[in-house]
1. Any residue at all in the range 242-251 that's within 16 Å of Val126 (Cα to Cα), exposed (fewer than 15 other Cβ atoms within 10 Å of the Cβ) and modelled with pLDDT under 95?
2. Pairs please, first residue from the range 78-97 and part of a loop (DSSP other than H, G, I, E, B), second anywhere and not basic (Lys, Arg), Cβ atoms under 9 Å, 6+ apart in sequence or on different chains.
3. So which of Glu210, Glu169, Glu186, Glu197 is farther than 27 Å from Glu251 by Cβ, of a type in the set (Asp, Glu), open to solvent by 40 Å² or more (accessible area, probe 1.4 Å) and out of contact with any Cys (no Cβ under 9 Å at 6 or more places or on another chain)?
4. Among the numbered conditions (1) open to solvent by 50 Å² or more (accessible area, probe 1.4 Å); (2) hydroxyl-bearing (Ser, Thr, Tyr); (3) not in a strand (DSSP E or B), tell me where Thr237 comes up short.
5. Restricted to the range 72-104, and to residues that are surrounded by 13 or more Cβ atoms within 10 Å (Cβ to Cβ) and among the acidic types (Asp, Glu), which residue is modelled with the highest pLDDT?
6. Can we say Asp200 is assigned to a loop (DSSP other than H, G, I, E, B), in contact with a strand residue (DSSP E or B) (Cβ under 7 Å, 6 or more places away or on another chain) and of a type in the set (Asp, Glu)?
7. Among (1) closer than 17 Å to Arg95 by Cβ; (2) touching a strand residue (DSSP E or B) at 6+ places or on another chain (Cβ under 6 Å), which single condition is Lys147 missing?
8. Mind listing just one residue for me: the one in the range 33-66 that is surrounded by fewer than 17 Cβ atoms within 10 Å (Cβ to Cβ) and among the polar types (S, T, N, Q) and, of those, farthest from Phe106 (Cα to Cα)?
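The values are calculated or read from the model by the stated rules, or taken from the named source; none is laboratory data. Computed from a prediction, not measured in an experiment: that's the story for all the values here. No Cβ is skipped: glycine too gets one built from the backbone with ideal geometry, and neighbour counts run over all protein chains shown. Areas reflect the complete protein model, heavy atoms only, side chains present, ligands, DNA and RNA absent. Shrake-Rupley method; radii C 1.70, N 1.55, O 1.52, S 1.80 Å.
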Amino acid sequence: MNPTFYPMRLGTAVFALCASLHSVGAVAESPWGGKIAVGAIAASGNSETSTFNFEFGLSYDKEVWHNALKASAMQARSETEDDAGNIEKRTTSERYVVGMRSALDFTENDYLFLQLDFEKDLFGGVRERTAQTLGYGRRVINGESHKLDLELGAGARQTLAQEDGARRESEVVGRAGLIYAWQISETSRFAQTLTTEYGDTNTYTESLSELKLSVIGGVFANLAFTVKHNSNVPADTEQTDTISSVSLSYEY
């Protein structure tokens, strides 16, 4: 398939999916919420490249309970032709993430949370990371336009390095997090999350900056920039990875 046609076909499929979901209808004040986001970029010429990212989210908020499930996948591929006319296709990035979170409010601004995370990055500093943390969160700012949560917790983490023959390592970790949201206008919203897991063998830090712009109804355009840093990686691997993504989402 010619990669220049791929984004157009993908965009058409997303809008068709949004229309079908919207036609189902939503129950007023439903505790359930969800998100489906798809993005793709393709280029052709002397070299052909394609990037695909997908995100799915599901939430349930009722009274003092707040539960969320999220999953995402991202892949980048390139195709080049050498002087002899040989075509080489290779994957340059591939990442899968699954997370589950449950929080319980015990005051208006204080809560306890349980966080479960799994990440597989075939080209990152750490190939696999699984973490289970329990902690306390405080809503420092809880206004209509600005919200800021600070979190502290502890738990366990299992990691697998990219090195051939590497063994899975388990350790106790501490966790610190920051969650900020700014409702810029009725049609635009900025969000920033910063999380650090610190253990004896590795400190993992992830920053996610996201700008969401309303298109129509429950359809949004999303611009995101992710920075990941591992303090301990193999000698031939970079400590810091960055990911830029553009996607179209439907939220309800």
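1. yes
2. From the range 78-97, the pairs are Asp82/Glu88.
3. Glu169
4. All conditions pass for Thr237, except number (1).
5. If we take residues in the range 72-104 being surrounded by 13 or more Cβ atoms within 10 Å (Cβ to Cβ) and among the acidic types (Asp, Glu), then Glu94 is modelled with the highest pLDDT.
6. Yes.
7. It is condition (1) that Lys147 fails.
8. Asn46
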